Each structure stands twice: as C-alpha cells, then as structure tokens.
Amino acid sequence: MTRRASSLGTVAALAVCAAGLLVAGCGGGGGNGGGGGGTKPLGGSNNTSVCAYTKRYGRGRVYVEVAVSPVSLKPTACRAFNAGFGGRSFGGRAPVLPRGTGRPHCDFNKIGSSYRIELGVFASPHTGTGRAFCRSFHPGHGFRRVPVRG
C-alpha cells in the first residue's frame, strides 16, 4: 500500500468514526490543550483535546498532533488516525513536542457544524523530513490544507 493510500484510508476512517459519534449525539467537556516545546498548540478551545504520534520517516522523525473538538471524539479519532499512520503515541495526557521541532511543516483541518479536527505535522530539525512528508501526506476528503503561519 502506498503512503498516499494509507493516508487517505486513515482520514476516511477518522471521518467515518467522527460522523458516527456526532450522529450518536456525544457531547464533551473539559480538555487538556496540548502542544508545548515552544510551538503553537493545535485547537484553542477548552473543549479540545490533543493526541500526538511519532514515527521515523526518511532521515529523521515526524511528529503529528491531532486536535479534536469536542473532547468526546478524541479516543475514536486518535485511534482511527494512528491505525493508518502507524506511529507511537507520546506525551501522555498533555503531549509536548520535543525541543527543536519548531513550527508545523503543514496543517490540515476538517470543520463540521459540531466538530473540528486539526492535524499538524512537525519534524526533527535540519533533515528535510517535514517537507518531504508533507509533500506525500494527503489526509483525504473533507480536509483542507491550512497555510502555515511563520
């Protein structure tokens, strides 16, 4: 399976799971924010929760933060994302990116009437890993690439 097909499958599964939970009428509360290491945390709401995954890619390491709102979607959305990404979860309850990962190389979001899912891709510095990963990473239907601020 190609990386593109894997990414598309991941996001399709994420979207289906999120839609299923929304139809079921799940609500949420609280949240842990996330982010760190001098970077902008994804999702700014107190009803947003973040999960983070990492894996080796090229000559370096890629880190993906997934911010999910409402919080009730977090377990399903994060599991669905990582099923295709195949990374290792890190950071515990409030993921903190390692020093040096800096700003995101690419951002994607999917916004519905009652949910928001954001993906931010970070990478180990000075390897070109983040740019290379972002060129091949296409989250799928409904996700839009967001210009990276910097």
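The values are calculated or read from the model by the stated rules, or taken from the named source; none is laboratory data. Predicted, not measured: the structure shown is a model, and the values here were computed from it. Backbone-built Cβ (ideal geometry, glycine too); neighbour counts: all protein chains shown. The area values use the complete protein model at the heavy-atom level, side chains included, leaving out ligands, DNA and RNA. Shrake-Rupley method; radii C 1.70, N 1.55, O 1.52, S 1.80 Å.
Looking at (1) part of a strand (DSSP E or B); (2) open to solvent by less than 50 Å² (accessible area, probe 1.4 Å), which one does residue 56 not meet, given that it meets all the others?
Answer for residue 56: the failing condition is (2).
Residue 49 fails exactly one of the following numbered conditions: (1) modelled with pLDDT of 90 or more; (2) among the small types (Gly, Ala, Ser); (3) within 18 Å of residue 124 (Cβ to Cβ). What is the number of that condition?
Every listed condition holds for residue 49 apart from (3).
Which condition does residue 119 not pass, out of (1) modelled with pLDDT under 90; (2) hydrophobic (A, V, I, L, M, F, W, C); (3) closer than 21 Å to residue 149 by Cβ, if it passes all the others?
Residue 119 satisfies every listed condition except (1).
Scan the stretch 134-146 for residues that are within 14 Å of residue 84 (Cβ to Cβ) and among the hydrophobic types (A, V, I, L, M, F, W, C) and jot them down.
If the condition is that a residue be within 14 Å of residue 84 (Cβ to Cβ) and among the hydrophobic types (A, V, I, L, M, F, W, C), then 137, 143 are the ones that fit.
Testing residue 148 on (1) assigned to a helix (DSSP H, G or I); (2) surrounded by fewer than 18 Cβ atoms within 10 Å (Cβ to Cβ), one condition comes back false. Which one is that?
(1)
Looking for something touching a helix residue (DSSP H, G or I) at 6+ places or on another chain (Cβ under 8 Å), among the aromatic types (Phe, Trp, Tyr) and either closer than 12 Å to residue 54 by Cα or open to solvent by 30 Å² or more (accessible area, probe 1.4 Å) (or both) - is there at least one such residue anywhere in the stretch 88-105?
No, because not a single residue in the stretch 88-105 is touching a helix residue (DSSP H, G or I) at 6+ places or on another chain (Cβ under 8 Å), among the aromatic types (Phe, Trp, Tyr) and either closer than 12 Å to residue 54 by Cα or open to solvent by 30 Å² or more (accessible area, probe 1.4 Å) (or both).
Looking only at the stretch 109-124, how many residues end up being over 19 Å from residue 75 (Cα atoms) and open to solvent by less than 60 Å² (accessible area, probe 1.4 Å)? Give the derivation first.
The initial filter retains those residues of the stretch 109-124 that are over 19 Å from residue 75 (Cα atoms), namely 113, 121-124.
Filter again for open to solvent by less than 60 Å² (accessible area, probe 1.4 Å), leaving 121-124.
Residues in the stretch 109-124 being over 19 Å from residue 75 (Cα atoms) and open to solvent by less than 60 Å² (accessible area, probe 1.4 Å): 4 in total.
How about the stretch 59-94: which of its residues are small (Gly, Ala, Ser) and in a helix (DSSP H, G or I)?
Matches in the stretch 59-94: 72, 77, 80, 83, 84.
Restricted to the stretch 125-142, and to residues that are buried (at least 21 other Cβ atoms within 10 Å of the Cβ) and out of contact with any His (no Cβ under 6 Å at 6 or more places or on another chain), which residue is modelled with the highest pLDDT? Give the derivation first.
Within the stretch 125-142, the subset buried (at least 21 other Cβ atoms within 10 Å of the Cβ) is 129-130, 133, 137, 139.
In the following step, the residues that additionally are out of contact with any His (no Cβ under 6 Å at 6 or more places or on another chain) were identified as 129, 133, 137, 139.
Values: 129: 90, 133: 93, 137: 88, 139: 71.
This residue is 133.
Suppose we filter 35, 27 for residues that are open to solvent by 40 Å² or more (accessible area, probe 1.4 Å) and at pLDDT below 90; which single one remains?
27
Of the residues that make up the stretch 61-68, is at least one modelled with pLDDT under 90, on the phi < 0 side of the Ramachandran plot and crowded, with 18+ Cβ neighbours inside 10 Å?
We begin by selecting, within the stretch 61-68, every residue modelled with pLDDT under 90; these are none.
Checked the stretch 61-68: no residue is modelled with pLDDT under 90, on the phi < 0 side of the Ramachandran plot and crowded, with 18+ Cβ neighbours inside 10 Å.
For residues that are under 16 Å from residue 69 (Cβ atoms) and in contact (Cβ under 8 Å) with a residue 40 or more places away in the chain, tally how many sit in the stretch 93-116.
Adding up the residues that qualify gives 8.
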